[in-house]
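The block underneath contains the structure these notes are about, expressed in structure tokens.
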Amino acid sequence: MNRESLLSDISINLPNSLTVLRILLVPVFVGLLLYGHYDIALIILLIAALTDILDGMVARMTNQQTRLGEYLDPLADKLLLMSAIVTLSVLHFIPIWAVIVVVSRDAILLAGTILANLTEIDIDISPTSLGKGTTFAQICYVIAMMLQVNEQVPVFLVDALLWVMVIMTVGSGVHYLLRGIQHLNASNEKQDSRGA
């Protein structure tokens, strides 16, 4: 890999800057929640969600997609969502079993990614439609919960979104796991054919 391609992979362009902003908003959001400033925390959450929409849109429109962005964008999403879900659970707004489902799914996927990298298996880290849908369901649930905390959304709607989020989280976790197994089997078949 030459120096120019390496620099283009790690460059901090506008989309990546928006992603970094989202990461920097995480401790602000958590702090506001813990100190009971739920209305301001909701505004910060909405701004963070907006940066998530904008960074992908700007990257596609201006052709500024980078390898760094491929890793940074889902990392920023996970940091924001995990921080929100865990903090809201600590404050007794989200049931602990739902947190266990969400965290377990992400922990399993992270462990699989680390294992694949350690064994030097080339894996596809691109999010699937179901994965993107799950992230959207999670952010919708967190926003709805924040609105309920501010008494702006009925409980039944938040409960419905909770079940949608949980079902999609489990479904996408199983989907990613099966995709990883298929990719692993395909890699093993290629190695076996080379060895033969």
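The values are calculated or read from the model by the stated rules, or taken from the named source; none is laboratory data. Just so we're clear, the structure is a prediction, and the values are computed from it rather than from any experiment. Neighbour counts run over all protein chains shown; Cβ positions are idealised from the backbone, glycine included.
Could you please let me know if Leu42 is surrounded by fewer than 13 Cβ atoms within 10 Å (Cβ to Cβ), over 15 Å from the mean Cα position of the chain (by Cα) and either in a helix (DSSP H, G or I) or modelled with pLDDT under 90 (or both)?
Numbers: surrounded by fewer than 13 Cβ atoms within 10 Å (Cβ to Cβ): no; over 15 Å from the mean Cα position of the chain (by Cα): yes; either in a helix (DSSP H, G or I) or modelled with pLDDT under 90 (or both): yes.
So Leu42 does not fit the description; no.
Considered as a group, the residues in region 113-160 that are more than 21 Å from Gly173 (Cα to Cα) and in a loop (DSSP other than H, G, I, E, B) include one that is modelled with the highest pLDDT, and that residue is Pro154. All of (1) over 30 Å from Leu184 (Cβ atoms); (2) of a type in the set (Val, Ile, Thr); (3) in contact with an Asp or Glu (Cβ under 6 Å, 6 or more places away or on another chain) hold for Val26 with one exception: (3).
Among the residues of region 1-35, the ones that are surrounded by 11 or more Cβ atoms within 10 Å (Cβ to Cβ), assigned to a loop (DSSP other than H, G, I, E, B) and modelled with pLDDT of 65 or more come to 2 in all.
Filtering Ala84, Ala107 for residues that are of a type outside the set (D, E, K, R), closer than 19 Å to Val20 by Cβ and at pLDDT 75 or above leaves a single hit, Ala84.
Among the residues of region 147-159, those identified as touching a residue at least 40 places away in the same chain (Cβ under 8 Å) and more than 11 Å from Ile94 (Cβ to Cβ) are Leu147, Asn150. For region 88-103, a tally of residues being at negative phi and either small (Gly, Ala, Ser) or not in a helix (DSSP H, G or I) (or both) returns 6. Just to verify a result, which residue in region 83-97, among those that are under 16 Å from the mean Cα position of the chain (by Cα) and under 16 Å from Val166 (Cα atoms), is surrounded by the fewest Cβ atoms within 10 Å (Cβ to Cβ)? The residue in question is Val86.
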